[in-house]
Structures are given as structure tokens and as C-alpha cells.
Amino acid sequence: MLMSWVCRLRLLQVTNFIICALDHETYQFSVLQGLPVFHDPSTQRNTSFDDCHFGTACFQRVTKVKSRMVWKILKLGYNVLLSDVDVYWFGNPLPLLYSFRPGVLVAQLDEYNDSSTVAAMEKVVKHAATSNLSEQPSFYDTLCGEGGSYRISDNSCVEPETNLTVHFLDRNLFPNGAYINLWQKKNVKKTCMMKGCLVLHNNWISGRMKKLDRRIVSGLWEYDTSRMCLQR
């Protein structure tokens, strides 16, 4: 899935990406493939993709690393778009995401060195550090308040201490794996392209091999067994 994701970005001419490896196997593989990669030093050494399935204690630890890494990179003054490798990119979402004003956290994107976003991400990291759950409840409770008390509309919240606006992207353009049963459609790719999807997340499915099989059967796959990107 990592290589299929890389191949897709290359096809879309997105070159400014870097891989954050959360286990040693992924780091070694990426190095051998000549990919830009770093191994997050805060990840526990016994982390492995074979024992980090959804709902496990390992999964909960690993998800918290993501928000921590975003926060660290934001503090360096960079814009950040965080994408899991099980997200298929139909198109390049960056032009749309850049259209939002500074001081708005849009799903996974940040404007240049915005202090309110950095401060808000720090709150998420600190909240997650004291939680026994994954990072997602911390993200929502911190930025939108428990029970959505900071919501100002159906698709946005304002975090009162940092005054950061959080905007939730249109699910027709950025659908997750459970949205309107897209993954159950006879032709997933055609259905998504007709809806105008920019990305499609291959989540809401249990088991790494099931997730992999679903991607390959759907045709949303950009990598072959000879370790080459598929040519269109």
C-alpha cells in the first residue's frame, strides 16, 4: 500500500512528500526503495504492522504519534498535509486545501506557521498523552469540545483558547470508507470519479489483508509485483 500510494503521487506529479515510518520494517523497506523517509524516534521499538490492528493497544499508541509529528513539523514553519497510505488520491487536493484562509485547520492541512494551529495541535498532543484511546477522540474533544460544544455549524468549530477554526471537508470530495457504501459499488473508481472525489479512504474495514484485497479488486492500485509503478 505504501508503494501504491507513492506511485499514485508520482503520477499526480506530487513530489514534495516524506514518509514517517512508525516501525522498523517500513523504514528499512523505504530506504531500500530509495524513498524519502525518517523513523520517528518516539515510536516504541516493539511496534510492528503485524500486531497493530485497529482497537489494539499498539494501534492506540501509534495513532498518537501522527498528531505529535504534525505538531513538530508545524513548529518548524512548514505546511503539513498528513495522509495515511490507505488513502487513494484521485486528484491532487492541495489546490483546494490552499484556498482556505490562514488560521483554519482543514482536515489535515495547515497554513504557513500559523501560531493558533501550532498551539491547538499542542493541546491535542497533550490531551492524547493522558488518554487510553486513540488520537481521534482527543482531536475532536480538544478542537470541537466534548459533545461538539464548540461547533458553529455542521462542518466547522472554533477552539476558544487559540481561536482556531476547524473546517470539516465535504464528504463527497473526501469520503471515508463508510460513506454511502462507496467500497461496495460495482465500479468503485467510476462511482467516485462521477461524484468528484479527490480522495477515498480505505478504512472502516477490519484486517490488513482484507483492506489490501479490496484496493486491488477495485482497481485503485498503482503498483505491480515487479516493484514498478503501473504505467497508464
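Values as computed for the structure displayed
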{"read-out": "Whole-number percent relative contact order across the chain, with pairs defined as alpha carbons under 8 Å at least 6 apart", "value": "19 percent"}
{"read-out": "Accessible area of the chain belonging to carbon and sulfur atoms, whole % at 1.4 Å probe", "value": "55 percent"}
{"read-out": "Those Cys residues of the chain for which no other cysteine Cβ falls under 4.7 Å", "value": "C20"}
{"read-out": "For H39, solvent-accessible area (1.4 Å; no DNA, RNA or ligand), Å²", "value": "70 Å²"}
{"read-out": "Accessible surface ranking that places the most exposed of Y88, Y140, Y98, Y179 first, with a 1.4 angstrom probe", "value": "Y98, Y140, Y179, Y88"}
{"read-out": "Residues of type lysines that K189 reaches as a straight line, Cα spacing below 20 Å, ignoring anything fewer than 8 places off in the same chain", "value": "K210, K211"}
{"read-out": "Heavy atoms of H24 accessible to a 1.4 Å probe, total area in Å² rounded to 10", "value": "90 Å²"}
{"read-out": "Order of exposure, largest accessible area first, which applies to T26, T130, T43 with probe 1.4 Å", "value": "T130, T26, T43"}
{"read-out": "Solvent exposure, largest accessible area first (probe 1.4 Å, DNA, RNA and ligands not counted), of Y27, Y78, Y223", "value": "Y78, Y27, Y223"}
{"read-out": "Probe 1.4 Å, accessible area per residue of the stretch 181-232, Å²", "value": "68 Å²"}
{"read-out": "Rounded to whole Hz, the Karplus (6.51, -1.76, 1.60) HN-Hα couplings of the stretch 197-207, x for glycine and proline", "value": "4, 8, 9, 9, 8, 8, 10, 6, 8, 9, x"}
{"read-out": "Estimated [θ] at 222 nm from DSSP helical runs (n ≥ 4, -39500 (n - 2.57)) normalised by residues in the chain, nearest 500", "value": "-11500 deg cm²/dmol"}
{"read-out": "Dipole of the chain [Lys/Arg +1, Asp/Glu -1 at C-beta], most positive-end residue of P102, V14, P160", "value": "V14"}
{"read-out": "With all protein chains modelled, accessible area of E146 [1.4 Å, Å²]", "value": "140 Å²"}
{"read-out": "Calculated FRET efficiency for the pair V85/Q13, C-beta based, R₀ 30 Å, to 0.05", "value": "0.95"}
{"read-out": "By average C-beta atoms within 10 angstrom, highest first, the peptides 210-217, 64-71, 31-38", "value": "64-71, 210-217, 31-38"}
{"read-out": "Cut-off under 5 Å, modelled amide H: who pairs with N203 long-range", "value": "G177"}
{"read-out": "Listed candidates (i) 20.9, 74; (ii) 16.8, 49; (iii) 17.7, 52 - label of the one calculated as Rg and Dmax of the Cα atoms in Å", "value": "(iii)"}
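The values are calculated or read from the model by the stated rules, or taken from the named source; none is laboratory data. Note that this is a predicted model, so its numbers are computed, not measured. When we count neighbours, we look across all protein chains shown, and the Cβ atoms used for this are built from the backbone with ideal geometry, even at glycine. We work out accessible area using only protein heavy atoms, side chains counted, and drop any ligands, DNA or RNA first. Shrake-Rupley method; radii C 1.70, N 1.55, O 1.52, S 1.80 Å.
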